[in-house]
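Asker: Input: one structure, supplied below.
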Amino acid sequence: MDARTNAYAPYSGFTVGAAVQTKSGAVFTGCNVENASYGATICAERAALAAAVAAGERELVALVVASGAKSPTPPCGICRQCLAELTPSLPIRSYTGGARAEYDLSSLLPDAFGRDQLD
Ligand SMILES: [Zn+2]
């Protein structure tokens, strides 16, 4: 929720925060960063993922997403693909208001495209 307060969402008004925990126990946060060229927008989940990787951490153990949506939101398709690159079965929790939902990335993105398809 703290990361969500830094979101830059002047177009949608849909602010999102995310935190990814790595095997070392470190937590990396991110928020959505929108752009006038909408396709250039970065989601909170990918921002948190990039922060972890930039710090040299690639073993993800959990992801938490916080938004102000009516109901808890799972990561979008692009974020699912990016997260699956490092941890295909990542546990995910999503919060909004007092409600929460839990997911496993492998159920959100079955048969994910991955490095095996590049052989
Ligand atoms: Zn996303």
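Asker: Which residues, taken from region 24-40, are assigned to a loop (DSSP other than H, G, I, E, B) and under 13 Å from the mean Cα position of the chain (by Cα)?
Answerer: 32
Asker: A further question follows. If only one of 4, 46 is in contact (Cβ under 8 Å) with a residue 40 or more places away in the chain and not in a loop (DSSP other than H, G, I, E, B), which one is it?
Answerer: On the way: 46 fails: in contact (Cβ under 8 Å) with a residue 40 or more places away in the chain.
Every option except 4 fails the conditions.
Here's the yes/no breakdown for (1) surrounded by fewer than 21 Cβ atoms within 10 Å (Cβ to Cβ); (2) of a type in the set (Val, Ile, Thr); (3) within 14 Å of the ligand (Cβ to nearest atom); (4) over 23 Å from residue 113 (Cβ atoms):
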position: 16; (1), (2), (3), (4): no, yes, yes, yes
position: 28; (1), (2), (3), (4): no, no, no, yes
position: 38; (1), (2), (3), (4): yes, no, yes, yes
position: 46; (1), (2), (3), (4): no, no, yes, no
position: 50; (1), (2), (3), (4): yes, no, yes, no
position: 53; (1), (2), (3), (4): yes, yes, no, no
position: 70; (1), (2), (3), (4): yes, no, no, yes
position: 83; (1), (2), (3), (4): no, no, yes, no
position: 93; (1), (2), (3), (4): yes, no, no, yes
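Asker: While we're on this one: Tally up the residues in region 56-74 that are touching a residue at least 40 places away in the same chain (Cβ under 8 Å) and of a type outside the set (Ser, Thr, Tyr), please.
Answerer: Of the residues in region 56-74, the ones touching a residue at least 40 places away in the same chain (Cβ under 8 Å) are 60-69, 73.
With of a type outside the set (Ser, Thr, Tyr) added as a condition, the list becomes 60-66, 68-69.
Counting residues in region 56-74 that are touching a residue at least 40 places away in the same chain (Cβ under 8 Å) and of a type outside the set (Ser, Thr, Tyr) gives 9.
Asker: Quickly run through region 65-119 and pick out the residues that are touching a strand residue (DSSP E or B) at 6+ places or on another chain (Cβ under 6 Å), under 19 Å from residue 7 (Cβ atoms) and of a type in the set (A, V, I, L, M, F, W, C).
Answerer: Those that are touching a strand residue (DSSP E or B) at 6+ places or on another chain (Cβ under 6 Å), under 19 Å from residue 7 (Cβ atoms) and of a type in the set (A, V, I, L, M, F, W, C): 65, 66, 69, 92.
Asker: With the checklist (1) part of a strand (DSSP E or B); (2) farther than 15 Å from residue 93 by Cα in hand, flag the one item residue 56 doesn't pass.
Answerer: (1) is the only condition that residue 56 fails.
No lab work stands behind these numbers, since they all come straight from the coordinates. Keep in mind that what you see is a predicted model, and the values were worked out from it rather than measured. Cβ atoms come from the backbone with ideal geometry, glycine included; neighbour counts cover every protein chain shown.
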